[in-house]
Amino acid sequence: MQECWFMRCASREDSACVYLLDNLSKGAGDRVTIGTSQLLQGAGVLDLNTLTGNEESPTTYGDSLFIHELSPAVLLVGPISIQRVLFDMRKIGRNRLADWYAARADHAVANQAGSQQQITDTRYTGLQASLAVLPNAAAAIPSRQIVAPYGGTNTDAASLTSSHTFDIRLIDLAASWAKSLTQGIRPMVVAGRKLHVTIMHTSQVTDMRVSTSTGQWLDIEKAAMTGGDVGDNPIFWESIGMYHNVLMHENSRVPNAVNAAGAVVVNTKRAIFMGAQAVALAFGRYPGEQARFRWLEELRDFGRQLGIGVSSIWGLKKVVFNAVDFGALAIDTYGTDRDTAG
């Protein structure tokens with residue numbers, strides 16, 4: 001998981017973008033429940049007025065996710081009787097399995113937080129179905145979806161064209177929504193600083209960088225507004241900058257936008273604006289074991305083949321409370337498709 005980009009945002013603290021639950025001693029297929037409550041809304045009691053009978057009951061919401069066992073394996077064939085060669089083959093197997101799991105976990109977070117509900121294979125969506133952006137644009141509560149251009153009236157990614165590229169002012173708009181909505185998006189806390197984070201596709205980053213209009217990325221760079229690195233905190237590693245207290249990162253796993261009918265729109269990208277508890281990640285445990293991952297190995301064919309596998313019990317889900325996305329917001333823009341396989 002050290003190779004997984006989104007694990008930089010993971011913590012057992014509920015101020016992290018990826019809320020980590022890994023103290024579970026359960027088997028595959030179990031349900032994990034997450035709970036939270038709204039802020040109190042009452043006016044309080046003045047002076048000597050009676051407090052008894054005027055108490056406020058907190059409004060609580062719950063969400064849940066399932067954990068399942070997911071295991072990849074490799075088969076190494078060759079002369080493995082010499083110990084040194086056997087060690088080298090183990091190292092090759094370990095490295096490739098690490099790459100596989102890191103990519104799968106990154107895809108899971110991007111597809112869950114990016115609301116890719118049209119992907120039905122749950123092995124790519126955190127081992128449970130992905131949900132649409134909630135609430136949707138037709139709901140009374142403001143949607144958690146921004147569609148380019150900035151200042152326009154688009155509400156459906158199907159209407160995006162090549163003129164609707166990523167505009168840094170969309171981050172202004174997302175940050176404003178996060179702070180002003182009644183059910184807003186709490187910032188994560190990094191080294192004592194309150195920040196949101198936006199994960200952008202490579203195509204969106206390129207469009208933002210090449211924009212020469214006043215007030216866009218080039219202007220900001222000329223004014224030397226940088227990311228403000230905080231020591232060795234991993235969430236700042238390789239960031240492309242910080243704007244409006246929003247840390248910006250580039251990640252090729254960011255998915256395409258989805259239209260109102262629930263279908264993927266070609267040549268579009270969905271940047272993911274996240275705050276605290278945008279996604280929940282739960283790890284189970286094998287009986288008697290503490291590690292998140294289990295190493296599997298067996299010799300075959302009279303010792304001439306080595307099978308290496310890894311197994312983990314886990315689940316990942318976008319957090320939704322009261323039918324509203326709790327900590328994620330989608331920013332849909334035009335973006336060039338170069339490798340649809342991702």
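The values are calculated or read from the model by the stated rules, or taken from the named source; none is laboratory data. These numbers come from a predicted model, not from an experiment. Neighbour counts are summed over all protein chains in view; Cβ atoms, including those assigned to glycine, are modelled from backbone coordinates with ideal geometry. Protein only, heavy atoms only, side chains kept; ligands, DNA and RNA dropped before computing areas. Shrake-Rupley method; radii C 1.70, N 1.55, O 1.52, S 1.80 Å.
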Task: Calculated SAXS-style log₁₀ I(q)/I(0) at q = 0.19, 0.22, 0.24 Å⁻¹ - the range 271-342, Debye, Cα scatterers - done: -0.93, -1.00, -1.04
TODO: Specify which residue in the list Met208, Gly288, Val324 is farthest towards the positive end of the charge dipole of the chain, using unit charges on the beta carbon of Lys, Arg (+1) and Asp, Glu (-1), about the Cα centre.
DONE: Gly288
Task: Cα lying deepest toward the dipole's positive end in the chain, options Gly303, Leu76, Tyr334, charges on Cβ - done: Gly303
Open item on the list: Need one number: convex hull volume per residue for the chain, Cα atoms only, in Å³.
Closed with: 195 Å³
Task: Kirkwood Rh and Cα Rg combined as Rg/Rh, the range 92-215 - done: 1.01
Task: the chain, relative contact order [Cα under 8 Å, separation at least 6], % - done: 28 percent
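Tell me the mean residue ellipticity at 222 nm calculated for the chain from its helices only (DSSP H runs of n ≥ 4, each -39500 (n - 2.57), averaged over every residue, nearest 500).
Numbers: 4 runs with 58 residues, N = 342.
Mean residue ellipticity, 222 nm, calculated: -5500 deg cm²/dmol.
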- [ ] Assign unit charges at the C-beta atoms only (+1 for Lys and Arg, -1 for Asp and Glu), then state the dipole size of the range 130-205 relative to its Cα centre in Debye, rounded to the nearest 20.
- [x] 380 debye
TODO: Specify which residue in the list Ser115, Gly53, Met89 is farthest towards the positive end of the charge dipole of the chain, using unit charges on the beta carbon of Lys, Arg (+1) and Asp, Glu (-1), about the Cα centre.
DONE: Met89
Open item on the list: Taking C-beta distances below 4.7 angstrom as the pairing criterion, name the unpartnered cysteines of the chain, in sequence order.
Closed with: Cys4
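Determine the share of the chain's accessible area contributed by carbon and sulfur atoms, expressed in whole percent, with a 1.4 angstrom probe.
Heavy-atom surface of the chain belonging to carbon and sulfur, 1.4 Å probe: 51 percent.
Summing +1 for each Lys or Arg and -1 for each Asp or Glu, what net charge is found among the other residues whose Cβ lies under 9 Å from the Cβ of Ala328? Please report the intermediate quantities before stating the final value.
On the way: positive: Arg144, Lys318; negative: Asp325.
Summing Lys and Arg as +1 and Asp and Glu as -1 gives +1.
With every protein chain present, what is the per residue accessible area of the chain (1.4 Å probe, Å²)?
Per-residue value: 50 Å².
When ranked by the protection proxy of mean other Cβ atoms within 10 Å per residue, highest first, what sequence do the peptides 172-180, 31-39 form?
Ranking the peptides 172-180, 31-39 by packing returns 172-180, 31-39.
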Task: the chain - charge dipole about Cα centre, Lys and Arg +1 at Cβ, Asp and Glu -1, debye rounded to 20 - done: 720 debye
- [ ] Would you kindly state how much longer the chain becomes between Thr161 and Gln41 on full extension, computed as 0.36 nm times their sequence separation minus their alpha carbon distance, in nm to one decimal?
- [x] 38.9 nm
Open item on the list: Under the rule that an exposed site lies in a DSSP loop and has at most 13 other Cβ atoms within 10 Å, name the longest stretch of the chain with no GluC sites (Glu not before Pro) of that kind, not counting the sites themselves.
Closed with: 57-237
Task: For the range 189-194, Karplus couplings with θ = phi - 60° (6.51, -1.76, 1.60), whole Hz, Gly/Pro x - done: 10, 10, 6, x, 9, 9
Task: For Ser11, net neighbour charge (Lys/Arg +1, Asp/Glu -1) across residues whose Cβ lies under 15 Å away - done: +3
TODO: At 0.36 nm per residue, minus the direct Cα-Cα distance, what do Leu131 and Ser57 gain on full extension? Give it in nm, one decimal, please.
DONE: 23.7 nm
Task: Environment charge at Asp339 (Cβ cut-off 14 Å; Lys +1, Arg +1, Asp -1, Glu -1) - done: +2
